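Below is one structure, written out as structure tokens; the observations come after it.
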Amino acid sequence: MADTRKLFIKTYGCQMNVYDSERMAEALGASGYALTDRADDADMILLNTCHIREKAAEKVYSELGRLKPLKAANPDLKIGVAGCVAQAEGEEIMRRQPLVDLVVGPQTYHRLPAMEEAVRKGARAVDTDFPEEDKFEHLPEPPRAMRGPTAFLTVQEGCDKFCAFCVVPYTRGAEVSRPVARILTEARDLVARGVREITLLGQNVNAYHGAGDGGSWTLARLIRELARIDGLERIRFTTSHPNDMDDDLIAAHGDEPKLMPYLHLPVQSGSDRILKAMNRKHTAESYLRLIERLRNARPDLLLSGDFIVGFPGETDQDFEDTMTLVRQVGYGQAYSFKYSARPGTPAAERPCVPDDVSSERLHRLQALLTDQQRAAQVAMVGRDVNVLFEKQGRTAGQMTGKSDYLHAVHVTDPSVERGQIRRVRIIESNTNSLAGVLV
Ligand code: 5AD
Ligand code: SF4
């Protein structure tokens, strides 16, 4: 083979895209590509896109526009769009942006090597199928290189919930769980290569029901099995739906020491009227009861959530109900978004809340969530926590990592090495991180 070609991947959106980008890099690695972190140095640029909100797709089109000079400077440069915008827009991307050579959806990227070959010969390739075969079974074996101490591992994809605002069931397709044996093999391999923390991913990860010994396994059972792997110290999972938190998964938060005390459990709204209109199939009250059960199992659980404001039909009172729920839960961290109408989803047909009203609500909600985040951080000061150190910090001799609660923590101490889990006393809370000293 000629010299190694260089691949630049830019990843948007959720952690599942981060995982997919890694796997795409591996797939193209088998075709002779090595990753570069410079777009202007690349022979192929892939944008791994997100379609969850309007601006995300627009960002892709403007990013593609910005690649024009690179293509002009290097006519051999190949440009591809992957991920959920690719899935949703398909051929439309080719029409809107002639410099794109390749469009590949999230379920077909195992076909990238063949697509790359076609593109090298001058074709323009689009593949947004939902294929029969499992892409993971058709990806090349990953290289056995060592890697950083944390990794994502997709165990489930797609969603059957059909929340009225969400494109995921259309872009990622129906819920599919990977078989237990494959996940365990992949996890053991990651650990053998230096990984100490694995975050299990799925659009609806707690709806996991993969084939295992004796039938279908739940996420809790999978977590308990993963916890038996020597050298794997921490397990996390995201994103969950309140209706799929079964008893065993709740219990695991209390009795499985490797399962970290952090849970991202989106509720979207605190108004039952809006939750119904969203097709969430739970109430504010049932969510609060669930949180109570989780906190009974693990009192120090740090909660995270997602919120949408300005959903069609949301009144001032509905929004106040969301603020009340947030005050009742007390989140350690959360994401909040202005509703964005997504074509093809049921809610897109409904009358919109005026933009200035949504903006004002988002502002108030974010102020409250920021206060709660700060309070949760300040509450850590003086406490001792475990930190898994991941990389060098911004100042000389500084190392940063994550606490069990997923707080970013930095320590300046020459004895700290990447990949170590060390006991740290938190001494200060900064805007988005905590400072600590070794205990
Ligand atoms: N508009 C705004 N936010 C959305 N989300 C999903 N779809 C939309 C939409 N159409 C948010 C939800 C979800 C998170 C990943 O993105 O809060 O939990
Ligand atoms: Fe979208 Fe709802 Fe499925 Fe989450 S549960 S991916 S918000 S449809």
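The values are calculated or read from the model by the stated rules, or taken from the named source; none is laboratory data. Because the structure is a prediction, the values reported are computed rather than measured. All Cβ positions, even for glycine, are placed from backbone atoms using ideal geometry, and neighbour counts span all protein chains on display. To get the accessible areas, we keep the full protein, side chains included, count just its heavy atoms, and leave off ligands, DNA and RNA. Shrake-Rupley method; radii C 1.70, N 1.55, O 1.52, S 1.80 Å.
The conditions of being among the β-branched types (Val, Ile, Thr), in contact with a Gly (Cβ under 8 Å, 6 or more places away or on another chain) and open to solvent by less than 30 Å² (accessible area, probe 1.4 Å) are not met by residue 357. Hey, can you tell me all the residues within segment 177-190 that are buried (at least 19 other Cβ atoms within 10 Å of the Cβ) and either at pLDDT below 95 or not in a loop (DSSP other than H, G, I, E, B) (or both)? Answer for segment 177-190, where residues must be buried (at least 19 other Cβ atoms within 10 Å of the Cβ) and either at pLDDT below 95 or not in a loop (DSSP other than H, G, I, E, B) (or both): 177, 180, 183, 187, 190. Only one entry of 158, 212, 122 meets the criterion of being away from ligand 2 (no atom under 16 Å from the Cβ) and at positive phi, and that entry is 122.
Taken over segment 14-37, the criterion of being more than 23 Å from residue 205 (Cβ to Cβ), touching a helix residue (DSSP H, G or I) at 6+ places or on another chain (Cβ under 9 Å) and open to solvent by 10 Å² or more (accessible area, probe 1.4 Å) is satisfied by 30, 31, 33, 34, 35. Could you tell me how many of the residues in segment 148-164 are of a type in the set (Asp, Glu) and more than 16 Å from ligand 1 (Cβ to nearest atom)? Counting residues in segment 148-164 that are of a type in the set (Asp, Glu) and more than 16 Å from ligand 1 (Cβ to nearest atom) gives 0. Among the candidates 405, 335, the residue that is modelled with pLDDT of 95 or more, in a loop (DSSP other than H, G, I, E, B) and either more than 26 Å from residue 162 (Cβ to Cβ) or not basic (Lys, Arg) (or both) is uniquely 405.
Comparison of 336, 403 shows that the only residue that is away from ligand 2 (no atom under 16 Å from the Cβ), under 24 Å from the mean Cα position of the chain (by Cα) and buried (at least 19 other Cβ atoms within 10 Å of the Cβ) is 403. Residue 387 meets the stated requirement of being over 30 Å from residue 168 (Cβ atoms), in a strand (DSSP E or B) and touching a residue at least 12 places away in the same chain (Cβ under 8 Å).
Exactly one residue out of 229, 223, 198 is touching a residue at least 12 places away in the same chain (Cβ under 8 Å), within 16 Å of residue 182 (Cα to Cα), open to solvent by less than 50 Å² (accessible area, probe 1.4 Å) and in a loop (DSSP other than H, G, I, E, B), and it is 229.
Look at residue 362 and say whether it is in contact (Cβ under 8 Å) with a residue 24 or more places away in the chain, assigned to a helix (DSSP H, G or I) and within 14 Å of ligand 1 (Cβ to nearest atom). Criteria met by residue 362.
Across segment 201-220, the number of residues qualifying as in a loop (DSSP other than H, G, I, E, B) and either over 17 Å from the mean Cα position of the chain (by Cα) or of a type in the set (D, E, K, R) (or both) comes to 4. Just one of the numbered conditions (1) farther than 15 Å from residue 22 by Cα; (2) open to solvent by 10 Å² or more (accessible area, probe 1.4 Å); (3) touching a Leu at 6+ places or on another chain (Cβ under 8 Å) is not true of residue 156: (2). Return yes when residue 137 is among the charged types (D, E, K, R) and either outside the structural domain of residue 27 (by TED's automatic domain parsing) or within 16 Å of ligand 2 (Cβ to nearest atom) (or both) and no when it is not. In short, yes.
Run residue 122 past the list (1) farther than 30 Å from residue 232 by Cα; (2) not basic (Lys, Arg); (3) not assigned by TED's automatic domain parsing to the domain that holds residue 78 and report the number of the one that doesn't hold. Result: residue 122 passes all but (3). Screening residue 276 on (1) open to solvent by 30 Å² or more (accessible area, probe 1.4 Å); (2) without any contact (Cβ under 8 Å) to a residue 40 or more places away in the chain; (3) more than 22 Å from residue 169 (Cβ to Cβ) shows it passes everything except condition (3). Scanning segment 87-144 for residues that are open to solvent by 40 Å² or more (accessible area, probe 1.4 Å) and basic (Lys, Arg) returns 95, 96, 111, 120, 121, 124, 144. The residues on offer are 11, 49, and the sole one that is open to solvent by 30 Å² or more (accessible area, probe 1.4 Å) and among the polar types (S, T, N, Q) is 11.
Within segment 219-234, identify whether any single residue is within 16 Å of ligand 1 (Cβ to nearest atom) and either of a type in the set (Val, Ile, Thr) or assigned by TED's automatic domain parsing to the domain that holds residue 89 (or both), and answer yes or no.
no
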